[in-house]
1. I need every pair where a residue in region 319-330 that is farther than 18 Å from Glu373 by Cβ has its Cβ under 6 Å from the Cβ of a residue that is outside any strand (DSSP E or B), sequence separation at least 6 or different chains.
2. Confirm whether Arg167 is more than 19 Å from the chain's Cα centre (by Cα) and assigned by TED's automatic domain parsing to the domain that holds Gln62.
3. Within region 464-474, is even one residue among the hydroxyl-bearing types (Ser, Thr, Tyr) and either surrounded by fewer than 14 Cβ atoms within 10 Å (Cβ to Cβ) or closer than 21 Å to Gly279 by Cβ (or both)?
4. So which of Ala14, Ala28, Ala19 ends up being in contact with a Leu (Cβ under 7 Å, 6 or more places away or on another chain) and surrounded by fewer than 17 Cβ atoms within 10 Å (Cβ to Cβ)?
5. Take Val130 and decide whether it is surrounded by 24 or more Cβ atoms within 10 Å (Cβ to Cβ), in the same structural domain as Ala219 (by TED's automatic domain parsing) and under 13 Å from the mean Cα position of the chain (by Cα).
6. Can you pull out the residues in region 461-490 that are among the aliphatic types (A, V, I, L, M) and touching a residue at least 24 places away in the same chain (Cβ under 8 Å)?
7. Please go through region 225-267 and give me each residue that is crowded, with 24+ Cβ neighbours inside 10 Å and not aliphatic (A, V, I, L, M), ordered by number.
8. Go through the residues of region 465-484 one by one and say whether even a single one is in contact with a Pro (Cβ under 6 Å, 6 or more places away or on another chain), assigned by TED's automatic domain parsing to the domain that holds Gly117, β-branched (Val, Ile, Thr) and outside any loop (DSSP other than H, G, I, E, B).
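The values are calculated or read from the model by the stated rules, or taken from the named source; none is laboratory data. These numbers come from a predicted model, not from an experiment. Cβ: placed from backbone, ideal geometry, glycine included. Neighbour counts: every protein chain shown.
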Amino acid sequence: MTADLSYDPRTGLASGEVAVSSDEEVDAALAAAAAAAPVVAATAPSERADWLYEIADALDVQSTVDELVALADEETALGEARLRMEIGRTSGQLRYYADVAVEGSYLDATIDRTEPGLARAGVPLGPVAVFGASNFPFAFSVLGTDTASALAAGCPVVVKGHPAHPRLSRRLGELTREALAKTSAPAGFFSLVTGFEAGARLVRSEHTAAVAFTGSQRAGLALWRMANERDVVIPVFAEMGTVNPVVVTPAATARLTELAGGFVASFTLGAGQYCTKPGLLFVPSGHNAAEIVAAELEERAPKAWMLTSRIAQDANGGVGELVDAGGTVAGRADGPGAGWAVSATVLRVPIEKLVSGSRLLEECFGPVVLVAEYEDRDQLHAALAQLQGTLTAAVMSTENPDADPDVAETVSRLAPLAGRVTVNDWPTGVAITWAQHHGGPWPATTAPGTTSVGAGALGRFTRPVAYQHVPDAALPPALREANPWQLPRRIDGAIG
């Protein structure tokens with residue numbers, strides 16, 4: 001293929017194309033990133049922060065916002081309001097990760113002045129290949145959280161433009177290069193390439209030190225396998241889709257209709273194309289929960305398009321697979337009549353069908369959910385024990401969860417399964433904060449100890465190095481006596 005085609009999801013028709021990168025272009029981008037890596041690593045976080053702020057400022061220019069929103073809407077059909085909000089989030093997170101780098105605790109600088117005179121700090125890994133997501137064309141794509149956190153941590157980035165929005169990817173790449181040209185950033189600090197083969201070449205290149213990915217399990221695991229087949233294996237930080245269970249406690253059934261409305265709003269948000277979409281609802285038996293959710297769906301479901309024809313096909317086919325595995329359709333709401341549309345669907349499933357390895361416990365990306373009823377705590381706990389690792393899990397309780405005797409036990413059962421557990425909060429939104437963890441046990445992610453959102457995201461792109469009896473002038477700036485980067489450091493056990 002010589003070009004990535006750009007499509008309009010509302011019609012399914014091609015609206016443009018972007019030429020794919022040649023092998024020579026990919027290799028040149030990687031070589032430039034490798035040459036820039038030691039320069040970027042030695043640059044003070046405050047100076048790197050200026051580079052990210054310049055990109056963020058360029059994103060916030062009103063004429064640029066208008067241009068990008070129109071282009072993104074043509075390729076994603078996500079709507080002007082959502083896309084304007086997302087651009088603001090993207091520029092904000094660029095500044096946020098820049099500020100986290102300046103604060104400096106992600107380097108974990110540690111000094112022992114007593115014998116044996118050890119000092120340790122994180123050092124940047126080197127060039128990072130970033131594969132963005134289709135469902136967030138700004139916040140998790142070319143300039144998304146993976147790119148922003150890697151750049152802030154001192155690693156050059158080569159991004160593979162996403163085939164679901166190739167023209168937008170190209171424009172964001174141009175805008176970024178133009179912004180960085182106004183700064184002291186070295187050539188090779190940021191590059192963008194296009195095409196499936198370009199992505200494979202990024203992962204296999206000797207210059208690539210790590211891979212960051214947001215998307216489906218199928219694609220994420222393919223990249224992980226490719227990286228593990230290299231002569232020199234590199235880390236893959238893949239955040240992938242999961243089923244994201246929600247448990248309604250017995251005490252909360254009095255507000256089941258209200259909870260059903262919240263469930264519908266959460267799982268249909270963005271046509272169900274969020275990695276944090278709640279996909280499996282557990283409710284105490286005897287309440288016709290699937291029918292209540294289906295009734296709310298009929299009233300509330302927005303009509304929206306899927307991002308790609310493949311996603312639409314997989315969502316439609318997924319409903320059939322879930323039925324074959326033991327689910328029963330309890331209700332559906334038709335999507336738009338044209339383009340890449342799917343029907344939002346609620347399926348009822350007997351809880352005994354939820355067994356490890358079943359299709360029922362795999363994500364169906366899109367506005368498709370399962371509802372299972374449980375007889376008692378033991379049956380619920382047995383079902384939870386069958387679930388895969390997941391990005392999020394939620395407990396829905398009474399308006400006063402402190403008084404609900406099932407909340408603590410349910411949270412304790414969900415915590416080993418999930419990267420984030422919420423109570424009386426639908427899990428769809430992910431805040432960019434210091435305490436945030438957006439990850440989870442395998443196969444939610446390939447690196448369960450890491451997060452792709454929040455201050456901890458920078459730590460993925462460094463590795464600790466200990467220096468023993470190394471002269472001060474030979475130490476990295478983070479460990480020198482004068483502390484030129486003004487970092488928080490632990491010295492002889494005390495943080496100061």
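1. Correct list of pairs: Glu321/Arg359.
2. On the way: more than 19 Å from the chain's Cα centre (by Cα): yes; assigned by TED's automatic domain parsing to the domain that holds Gln62: yes.
Against the criterion (more than 19 Å from the chain's Cα centre (by Cα) and assigned by TED's automatic domain parsing to the domain that holds Gln62), Arg167 qualifies.
3. No, region 464-474 has no match at all.
4. Within the list Ala14, Ala28, Ala19, the selection yields Ala14.
5. Yes: the conditions hold for Val130.
6. Within region 461-490, Val465, Ala466, Val470, Leu475, Ala478, Leu479, Leu487 meet the criteria.
7. Those that are crowded, with 24+ Cβ neighbours inside 10 Å and not aliphatic (A, V, I, L, M): Phe237, Glu239, Gly241, Thr242, Asn244, Pro245, Phe263, Phe267.
8. Scanning region 465-484 turns up no residue that is in contact with a Pro (Cβ under 6 Å, 6 or more places away or on another chain), assigned by TED's automatic domain parsing to the domain that holds Gly117, β-branched (Val, Ile, Thr) and outside any loop (DSSP other than H, G, I, E, B).
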